[in-house]
Amino acid sequence: MSDNNGLTIIEAIEMAQRQLDNLKEKVVAAGDDKITIASIIDTQSENTIDCMHWLLYQSRRTAEQTSRDLYSFLDNYTTWPKSMFWSHLHKKLKCLEKASKDFREGSLSKQRGNAVLYGSQSKLIHEICKLNPPVHVVKLLLDITPDNDGYNDQSRYDHLACDRSYENPLHKVVRAGGSIELVKLLVNADVDKKSLKRSKEGARSSVYHVLTAKASKAKYQPNEYSQVLKYLVLVDNTNDSPLLYDTKPDNKSPIARLYHSLQSEGLSDFDILQNEDFVFLLKATCHSFLLRKKEISIPAVDCKLSEINKIPLLQACLVCSTCFNKEVVGKIMECFFSDGGIYWKTKNEYSHPIHKLVLANDWEFYINPHYGYCHKQFMVETILNFAPQFAEQKDHEGRLPLHHAADSVRVPIQDKQERLSLVQTIWEAYPDAANDIDEETKLPAFALPSRFEADCNVPKYYDDGTSSTFFLLRQRPEMLAIALGGSTEGVNSSVTRPQPKRPRHKK
């Protein structure tokens, strides 16, 4: 290669062509003499190969220079009129259409010395998407991007993968307030829709977390924001949505981020619960939770919006309550259950909320560090504080909330103190519940915590029910005599019995 150092690129190409032609003539003249052909190749091809290596080296250097020029051009974004800037950048990218795959890869990747930063590093498309570019610029960039074998964080050729901050181009566009057309372009370019997920463990956020952040939301017009939000939620059709995840460093899920974004705009809690974007995302989060629990099947994209809209608002609030801290949950429940609240205005669209909370045995599946495992207790206590009459409701089986909470078969609880706290909270709201015989089991309330059915497949939990049984017997000791007598007559009549301890209702 040292003999070629003084050549220009054109002269080197011409020399390589002459050497190849000369080599071809000698091989043809040798005919079928394989030994002679091998000798000719060994002795004559060295200079040709050396010249081609030199040309490849020059091509890499040119790609590096092209890359530096493109990144330098982006640095001058603020000094150009926008229309002129994007027009010039489009022309620069257009020149790469006919270049080789390796040259385009070298030109569209960040350079450091003589090496291209491959893997999860900075690509030109990430830097361009930070600037909220026109759709035609990104479309051209995607067209000239070298082919790849699908989304891969470590792919050398995948410009839709994440950069060193674990963000893909879609993150950058949403953070910059990109249009719905640009969002659709990037989502459609990602065949596997991996850009809608968290890129990997340790990633700071998903695209939903970015979109619902205060800074990103402020860059959108209301109508356009709603379009982007709905499109991203509806196009994501798997059972592992990042809508259910908290993220570093604020440990907020997307719906919690949107709540605080709307609150910073001056909306009251009642107004937030009427906000179209918040209600949609709240129900979508509930839908994702139910989908992950396998309570519903994965819907078709065109049916997903209908399924989300059918979810009652109260159900969404109860299921997604672990997304928020206790203070926010308290405000939301007050909006629902205080006098004249949303619940009383919607004709009880989601009835028996205490029953549903008590029977929900898998809150730990989606637990919030603000609560630990006392979330069910907190929710029941909060709702009964505003609407104690819910403790008097009977469901379609004729059971009171106390019956469900005390029943060790229907609601197996590992910690006996957890059941006792739940039973106490419900009893305080409706003390007469301790008098009622459970219509399903025909047992008094105090007997439910200790019952066991051999064929019910209930695991052997630590809670043996004695604490709850003892508590209920202290409130209604005459129920023991009635149970031993095998009769339920006079339970709710004028039988002489000690007056129960009246609860202290919280203000």
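Numbers for the structure displayed
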| item | result |
| --- | --- |
| Qualifying positions in segment 165-182 - surrounded by fewer than 23 Cβ atoms within 10 Å (Cβ to Cβ) and either more than 21 Å from residue 245 (Cβ to Cβ) or at pLDDT 80 or above (or both) | 175, 176, 177, 179, 180, 181 |
| Of the criteria (1) at pLDDT 85 or above; (2) assigned to a loop (DSSP other than H, G, I, E, B); (3) not small (Gly, Ala, Ser), which one residue 427 fails | (2) |
| Positions within segment 396-407 being of a type in the set (Gly, Ala, Ser) and either in contact with a Leu (Cβ under 7 Å, 6 or more places away or on another chain) or not in a loop (DSSP other than H, G, I, E, B) (or both), in sequence order | 405, 406 |
| Test: residue in segment 224-237 that is open to solvent by less than 50 Å² (accessible area, probe 1.4 Å), among the polar types (S, T, N, Q) and either closer than 16 Å to residue 301 by Cβ or at pLDDT below 85 (or both) | yes |
| Contacts under 6 angstrom Cβ, first residue in segment 469-482 being open to solvent by 20 Å² or more (accessible area, probe 1.4 Å), partner at pLDDT below 70, 6 or more apart | 478/497 |
| Some residue of segment 445-467 being in contact with a strand residue (DSSP E or B) (Cβ under 6 Å, 6 or more places away or on another chain), in a loop (DSSP other than H, G, I, E, B) and at pLDDT below 55 | no |
| Subset tally (residues that are out of contact with any helix residue (DSSP H, G or I) (no Cβ under 9 Å at 6 or more places or on another chain) and at pLDDT 90 or above) for segment 307-363 | 1 |
| Tally of residues being under 22 Å from residue 256 (Cβ atoms), of a type in the set (Asp, Glu) and free of Cβ contacts under 8 Å to residues at least 40 places away in the same chain across segment 314-360 | 1 |
| Close pairs (7 angstrom Cβ cut-off, 6 or more residues apart or separate chains): without any contact (Cβ under 8 Å) to a residue 24 or more places away in the chain in segment 263-278, open to solvent by less than 40 Å² (accessible area, probe 1.4 Å) and of a type outside the set (Val, Ile, Thr) anywhere | 267/275; 272/259; 272/262; 272/278; 275/262; 278/258; 278/259; 278/262 |
| Every residue from segment 277-300 that is out of contact with any Ser or Thr (no Cβ under 6 Å at 6 or more places or on another chain), polar (S, T, N, Q) and closer than 13 Å to residue 237 by Cβ | 297 |
| For residue 277: the one exception among (1) more than 17 Å from residue 245 (Cα to Cα); (2) open to solvent by less than 10 Å² (accessible area, probe 1.4 Å) | (2) |
| Single residue of 56, 20 found to be open to solvent by 90 Å² or more (accessible area, probe 1.4 Å), modelled with pLDDT under 80 and part of a helix (DSSP H, G or I) | 56 |
| Residue match in segment 184-193 (condition: small (Gly, Ala, Ser), out of contact with any strand residue (DSSP E or B) (no Cβ under 8 Å at 6 or more places or on another chain) and buried (at least 21 other Cβ atoms within 10 Å of the Cβ)) | no |
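The values are calculated or read from the model by the stated rules, or taken from the named source; none is laboratory data. Bear in mind that the values here come from a model prediction, so they are computed numbers and not experimental data. Here the Cβ is made from the backbone with ideal geometry for all residues, glycine too, and neighbour counts use every protein chain on show. The protein model used for the area step is the full one, side chains on, heavy atoms only, and it has no ligands, DNA or RNA in it. Shrake-Rupley method; radii C 1.70, N 1.55, O 1.52, S 1.80 Å.
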